[in-house]
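Below is one structure, written out as structure tokens, with a few remarks after it.
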Amino acid sequence: TGDVLEDGAVYAIETGLKAGMVLDVYGASMDDGGNVQLFENNGNTNKQWRMLSAGSETKNGQTVNYYKFINVNSGKALTVDSSTYSSGVNVAQYTLRDIGDYQQWRLIPDGDGYTIVPKPNESLALDVSGGSSNNRTNIQLYEVNGTDAQRWKLIKVS
């Protein structure tokens, strides 16, 4: 799946828990702090994310690429909603910034999808709270555990 992704392309980010359930900005919010949740994909732009390269670095002799995800509706970035990186920290949207790592994400191939981890702490992953596939389930960071609640498919929006 690694070579299919395109810098600047728009994707729906679907959970491994249930087909058709994607990352969504609650209420199509345009505000900083707009909460990110799971919701059934209806094709609305608040469920679409533009993937932008955020550079790379060398770790253990390998090149690691980082990305920012920009909500198509609001133009705001998928962001760790805290300066602390620990299990249970919320994920929301905020104005795109060129400083700090809290809007940078690494995609680690995981079966037919990816585990998406924040640059500052790769022992945590983008996670569906409680492993629930219901509409309005919160998105958070949680310790990497290899479950479908942390497996994401990037589905290109045509």
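The values are calculated or read from the model by the stated rules, or taken from the named source; none is laboratory data. Keep in mind that what you see is a predicted model, and the values were worked out from it rather than measured. Counting neighbours? That spans all protein chains shown, and the Cβs are built from the backbone with ideal geometry, glycine included. Heads up: the accessible areas ignore ligands, DNA and RNA and are worked out on the full protein's heavy atoms, side chains in. Shrake-Rupley method; radii C 1.70, N 1.55, O 1.52, S 1.80 Å.
Tell me the Rg and the Dmax, in Å, that the Cα atoms of the range 34-86 produce.
Expressed in Å, the Cα Rg and Dmax of the range 34-86 come to 14.2, 42.
Label points 7 Å out from Cα along the Cβ direction at Asp98 and Leu5: separation in nm?
2.3 nm
For the chain, what relative contact order do you get, as a whole percent, if you take Cα pairs closer than 8 Å and at least 6 residues apart?
Numbers: 407 pairs, mean separation 42.9, N = 158.
Reported as a whole number, the value is 27 percent.
Ignoring everything but the protein chains, give the 1.4 Å probe accessible area of Leu96 in square angstrom, nearest 10.
Leu96 exposes around 70 Å² with every protein chain in place.
Two decimals, Cα atoms only, Kirkwood Rh: what is Rg/Rh over the range 89-158?
Expressed as Rg/Rh, it is 0.96.
At 1.4 Å probe size, what's the solvent-accessible area of Lys18? Round to the nearest 10 Å².
Counting only protein heavy atoms, the figure is 100 Å².
Per the 1.4 Å probe, what fraction of the accessible area of the range 62-137, in percent, lies on carbon and sulfur atoms?
That fraction is 42 percent.
Suppose accessible area is computed on protein heavy atoms with a 1.4 Å probe; arrange Phe39, Phe69 from highest to lowest. If you can, show how the numbers build up before the last one.
On the way: Phe39 45, Phe69 0 Å².
Ranking Phe39, Phe69 by accessible area, largest first, yields Phe39, Phe69.
For the range 4-158, what does the convex hull of the Cα positions come to per residue, in cubic angstrom?
Taking the convex hull of the Cα positions in the range 4-158, it is 105 Å³ per residue.
Which value, in Å², gives the accessible area per residue of the range 1-103 when a 1.4 Å probe is used on the protein heavy atoms?
Values: 4880 Å² over 103 residues.
Counting only protein heavy atoms, the per-residue value for the range 1-103 is 47 Å².
What is the sum of charges around Leu78, taking Lys and Arg as +1, Asp and Glu as -1, for the other residues whose C-beta is under 14 Å from the C-beta of Leu78?
It works out to a net charge of +2.
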